[in-house]
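Take a look at the structure below.
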Amino acid sequence: MVIVLKPSSTNADVAALLGRLRDMDAAGYVGPGQPWTVEVLGAGPGFDRRKLEEIPAVDRVLDAPLAVLQANDPSRGGTREVTAGLRATIGARRLAVIAGPCSVEDEGRLLETAAAVVEAGGVGLRGGAFKPRTSPYSFQGLEDRGLEMLGRVREKTGLAVVTEVMACEQIARARPFADVLQVGSRNMHNTPLLRALGEQDKPILLKRGWSATLEELLLAAEYIRQAGNDRIILCERGIRTFEEYVRNTLALAVVPEVKRLSPHPIIVDPSHGTGHAHLVEPMCRAAIACGADGLLIEVHPTPARAWSDGAQTLDLDEFGRLMKGLRKLAIACDREL
Ligand code: PEP
Ligand code: MN
């Protein structure tokens, strides 16, 4: 249970509220940011919620964490645009397509891919240098060498570079080469990482944990925002279900829900969301139709030879054709591409 105080309340009001909680044999945790919030801890039989609601400085007493988030975000009502690098805006009428290989492998192939992304109308280049792999025996990424390649390809193409960081110490290494720092599905719950990214002056692409609820995704974004960075792009990338036909189950209903509940733009990753290249196009279409602000797509010159995630990766021609096809759909959905 969280008590939200009125915006006019003072330190003295907070201290008085903590005193009242102590009198009721409970404790209080004062949350970050404004308006003040106090979580009720350890309430015993002497606790009386109605007495708290009668205190003049108290605005409301909430049970659900998501309700607190809503109470804390007076700017809601419309998507907040996030700009990244030279040419990317996410959350505007124009859909933002970010594409590239799962892993950065080699500069020639990265540049060839980036040129195809530009040609097709994409605004961002994705590519992992720190790779979160399930098996320690799998390729773990080129790390700093990969980041430098991304930086050089950015110089040549003007694409916004999106790359993942898995640990706080990787932020400073990726920063000079990245326009958007990605939090992968495995790290959505890594709160020290989220807080550290909240201190950066770069947009954060926050992927949904594969077993995270929508509420958990929005609260993870709140860690970043509370630490000072509201340039957050959410990403639906599928969740684990009993279904084994697809790698993950793309939960597209979260897209309109995010639009209702959050100011952050949301993009969809149909590559990890399905695990199969032939399902990428239909899921792109569905994502646009339900209101996504953009797409994150794995693309490689020869997917069969990609060092990771080849089965879900489009080749450059397939990507070009996909983008052409999506353009008409975007217009029908009152968007541009
Ligand atoms: C990726 O984007 O390459 C990736 C590892 O994605 P996810 O964190 O969604 O699995
Ligand atoms: Mn991948």
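The values are calculated or read from the model by the stated rules, or taken from the named source; none is laboratory data. A quick note: this is a predicted structure, and the numbers were derived from the prediction, not measured. Surface areas here come from the heavy atoms of the whole protein model, side chains and all, with no ligands, DNA or RNA. Shrake-Rupley method; radii C 1.70, N 1.55, O 1.52, S 1.80 Å.
Would you mind giving the three semi-axes, in whole Å and largest first, of the ellipsoid equivalent to the stretch 137-241 according to its Cα gyration tensor?
23, 16, 13
Setting aside same-chain residues fewer than 8 positions from residue 6, which lysines have a Cα under 22 Å from its Cα?
51
Can you give the Rg and Dmax of the stretch 1-151 based on its C-alpha atoms, in angstrom?
Cα-based Rg and Dmax for the stretch 1-151 come out at 24.9, 69 Å.
In whole percent, what relative contact order does the stretch 272-317 give with Cα contacts below 8 Å and a gap of six or more residues?
Once divided by the residue count of the stretch 272-317, the mean separation gives 44 percent.
What Rg and what Dmax come out for the stretch 93-160 when only alpha-carbon atoms are used, in angstroms?
12.5, 43
For the chain, take N as its residue count and report Rg(C-alpha) divided by 2.2 N^0.38 Å.
Here the Cα radius of gyration is 1.09 times the empirical estimate.
When the chain is modelled as a GNM with alpha-carbon springs shorter than 10 Å, which of 40, 299, 258 fluctuates the most?
Checking each option, the largest mean-square fluctuation is seen for 40.
Report the Cα centroid-to-centroid distance between the stretch 131-174 and the stretch 250-289 in angstrom, as an integer.
What the calculation gives is 24 Å, centre to centre.
Mind checking which lysines have their Cα closer than 19 Å to the Cα of residue 131? Skip sequence neighbours fewer than 8 apart in that chain.
List returned: 207.
May I ask you to give the solvent-accessible area per residue for the chain, in square angstrom, as obtained with a 1.4 angstrom probe?
Computed with neighbouring chains in place, this is 43 Å² per residue.
Can you give the calculated 222 nm mean residue ellipticity of the chain, where each DSSP H run of n ≥ 4 adds -39,500 (n - 2.57) and the sum is split over every residue, rounded to the nearest 500 deg cm²/dmol?
The per-residue figure over the chain is -11000 deg cm²/dmol.
What whole-number distance in Å separates the alpha-carbon centres of the stretch 19-64 and the stretch 184-205?
Centre-to-centre (Cα) distance: 29 Å.
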